[in-house]
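Structure first, commentary second.
The values are calculated or read from the model by the stated rules, or taken from the named source; none is laboratory data. Predicted model, so just to flag it, every value in this text is computed and none were measured. Neighbour counts are summed over all protein chains in view; Cβ atoms, including those assigned to glycine, are modelled from backbone coordinates with ideal geometry.
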Amino acid sequence: MRLFKTSILFATALTSFYSFAVSHRTVDNPAIVGELYYTEGRLNQPVIMILGGSEGGDFVTKSAVIRISANELVRKGYAVLSLSYFDQESPSKPIPASLTRVPLEYFELAFNWVQTQDDLKKNSIAVYGTSRGGELALLLASKFEFVELVVAGVPSAYAWSSYDRYRTEEVYLNLLETDPCQSSWTWGGKDVANICLKYSDNYSPWYKVIENEDLVEQFMIPVENSSAAILLTSARYDTVWPSYEMSNQIMSRLESSNYSYPFKHKSYLSDHFLHTRSWPDVSEFIELHYPPN
């Protein structure tokens, strides 16, 4: 019976997505790969940048539940910028083909594009990222003052090494020899310090490396440098990586630094894919700390 009701609610929400007049335009900067969802004729729309994880590409286009949530945000007065930052499906795009050395300055470029749009709110944005996108969202907040709010879904407390879903064992072994600290991210043209392959390769599963606190502490994201409201959502039964434990580490870091902006951690009896379950809390946090006009 519960499954039947859930199916009805999902179908109703999906119908709502397509019946509501959500306008859409492609970012008209050739250096940026993004899609904007907004309300035509409305001014000063606060922007929420949505970032997917290791699947790459356009998260809103790829995920029906994310599309529904994006539509809800637009109905409430927000504009949603679905930003691709690597894409293994379309390697000819002006972004990396894999999650390898993505420049954090790329996201500043996207923010600067927002400043040129007459119908969008200026000077600040919110960022919602999940999984590797949650890691990225926290990194961006630690670097850029224009990030006013962060929702990091099933995030990491650390910066991790590069990722390529098509990486063969031969390529992997070659990386261990030739470029063992290849990062997912760069800043100022240099790799962001990360938990390198040469460290995680010695653990099974690989994420157990975080139990070596003396080793990995140097790779923690400096979240205390942020000036954003922060919501962490984590899964108690996460089989991708220990998002619950890492979210607790992030909270401890914020608490010990006397972080002066709102921050909160919500955990769920769920697996890694908890967007639908967490969305009511996410939506409430966004409206409270980054209200629409």
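Evaluate the following for LEU197: is it over 24 Å from TYR106 (Cα atoms), touching a strand residue (DSSP E or B) at 6+ places or on another chain (Cβ under 7 Å), at pLDDT below 95 and buried (at least 18 other Cβ atoms within 10 Å of the Cβ)?
Yes, satisfied.
Say we look at region 50-86 and pick out the residues that are part of a loop (DSSP other than H, G, I, E, B) and among the hydroxyl-bearing types (Ser, Thr, Tyr); which of these is nearest to SER162 (Cα to Cα)?
Only one residue fits best here, namely SER54.
Out of (1) buried (at least 24 other Cβ atoms within 10 Å of the Cβ); (2) closer than 26 Å to PRO222 by Cα, the odd one out for SER124 is which?
Checking SER124 against (1) buried (at least 24 other Cβ atoms within 10 Å of the Cβ); (2) closer than 26 Å to PRO222 by Cα, the one that fails is (1).
Hey, could you check region 144-160 for residues that are in contact (Cβ under 8 Å) with a residue 60 or more places away in the chain and in a strand (DSSP E or B) and say which is surrounded by the fewest Cβ atoms within 10 Å (Cβ to Cβ)?
Among residues in region 144-160 that are in contact (Cβ under 8 Å) with a residue 60 or more places away in the chain and in a strand (DSSP E or B), the one surrounded by the fewest Cβ atoms within 10 Å (Cβ to Cβ) is GLU148.
Take region 29-49 and flag every residue that is part of a strand (DSSP E or B) and under 21 Å from GLU284 (Cβ atoms).
Passing the criteria: TYR37, GLN45, VAL47, ILE48, MET49.
All but one of (1) in contact (Cβ under 8 Å) with a residue 12 or more places away in the chain; (2) crowded, with 18+ Cβ neighbours inside 10 Å hold for GLU105, so report the exception by its number.
Failed condition: (2).
List, please: which pairs have Cβ atoms under 6 Å, are six or more places apart or on different chains, and start with a residue in region 228-255 that is part of a loop (DSSP other than H, G, I, E, B) and end with one that is crowded, with 20+ Cβ neighbours inside 10 Å and among the hydrophobic types (A, V, I, L, M, F, W, C)?
Final answer for the pair search is ALA228/ALA141; ALA228/VAL147; ALA228/LEU149; ALA228/VAL150.
Just checking, how many residues over region 68-120 are over 15 Å from the mean Cα position of the chain (by Cα), of a type in the set (Gly, Ala, Ser) and under 14 Å from ILE50 (Cα atoms)?
Result for region 68-120: 1.
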